[in-house]
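Every read-out reported here was derived from the displayed coordinates using simple, explicitly stated rules and does not represent laboratory data. What you see is a predicted model; the values in this text were computed from it and never measured. Cβ placement follows ideal geometry from the backbone for every residue including glycine, while neighbour counts extend to all protein chains displayed.
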Amino acid sequence: MPSLASQIEELFEHSPETYSEEHRQTFQKFKDALNGGEIRAAEPHASSPSGWRVNAWVKKGILLGFRMGSIVEMGPYPTPQPFLDKSTYPVKTLHLNDGVRLVPGGSSIRDGSYVARGVVCMPPMFINVGAYVDEGTMVDSHALIGSCAQVGKKCHISAAAQIGGVIEPVGAMPVIIEDEVMIGGNCGVYEGTVVKKRAVLGTGTILNASTPVYDLVRDTVYAATDDQPLIIPEQAIVVPGSREIKHPVGAKWGLSLYAAVIVKYRDAKTDSRVRLEEFLR
């Protein structure tokens, strides 16, 4: 019998005119595996320079769900503004024994995402299809975990932080947030950035494939390349900064460009501050 991966690949590459019940059962098996954390859009891989590898077939399966789904009515009726979305991706069903703390007040978790025991969801926040959020992480108010983003254990995604998804192209690395990372309020992490274990992003830090990161401690600059994502080192503390524009007109006007700066690495003082977050879980 063909593997689930090969069945998804076949359906993705050769779309039938209509999807049969067998096709829908295959997709449901795929979505069940996503929900259970058995398959992931990206997974740890020791031999990769970034420590991660992309599972393109999983991303294809997620996109397949959008093709297969029709727009249906969702949500309680009657309501002034019902939800209208793809039938294949309703709101994820959670039960008491799942061990997820979902605080009332407008949060949504889409089906086809993995949310582990001990995750805390403060309203309103949103976790999209294909995302993986591991044990003990807090997703704070107005925060977004985008499609296919991978978030590790005991992270804090602070208020209004945006963790980009990167579902397409299917071979592109999604955003990776490893274990015990602190993402400050109003941060944005996009375009396949990998934030390694126990790093801290200060309030308002923006990271993407076009953003070089200047390490004052190690006297080096980190940047994405054509075949590798931007990688933030373990335990780095990153804050928003600026760099001077050398162009004569920019210099004349006193302009500068945004820059992300590593100012130090975690120490006991940093750990004591971050540990206060545990009392909110």
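Worth a mention:
- Its relative contact order, with pairs defined as Cα atoms under 8 Å and 6+ residues apart, puts the range 4-68 at 39 percent.
- Gain on full stretching of the segment that runs from Leu255 to Gln28 - 0.36 nm per residue minus C-alpha separation: 76.4 nm
- The mean sequence separation of alpha-carbon pairs under 8 Å and at least six residues apart, normalised by the residue count of the chain, gives a relative contact order of 10 percent.
- Zero-based 10 Å bins, Cα pair distances in the range 32-191, whole percents: 11, 41, 36, 11, 1, 0
- A Cα-only calculation for the range 157-212 places Rg and Dmax at 10.8, 30 Å.
- Cβ-based exposure ranking for Ser242, Ser87, in which fewest neighbours within 10 Å come first: Ser242, Ser87
- Rg [Å, one decimal], Dmax [Å, integer] - the range 152-281, C-alpha atoms: 15.4, 51
- Percentage relative contact order, the range 1-156, counting C-alpha pairs under 8 Å, at least six apart: 16
- Once the Cβ-Cβ distance of Glu21 and Arg117 is raised to the sixth power relative to R0 = 25 Å, the FRET efficiency obtained is 0.15.
- Spread of Cα-to-Cα distances over 5 Å intervals beginning at zero, given as percent, for the range 4-68: 4, 17, 28, 22, 13, 9, 5, 2, 0
- The simple Förster model, with R0 at 30 Å and r as the Cβ-Cβ distance, assigns His247 and Asp227 a FRET efficiency of 0.50.
- Helical mean residue ellipticity (222 nm; -39500 (n - 2.57) per DSSP H run of 4+; nearest 500) of the chain: -5500 deg cm²/dmol
- Pair-distance profile P(r), taking every C-alpha pair of the chain, with 10 angstrom steps and integer %: 6, 27, 31, 21, 10, 3, 0
- Space enclosed by the convex hull of the alpha-carbon atoms of the range 51-127, per residue, Å³: 123
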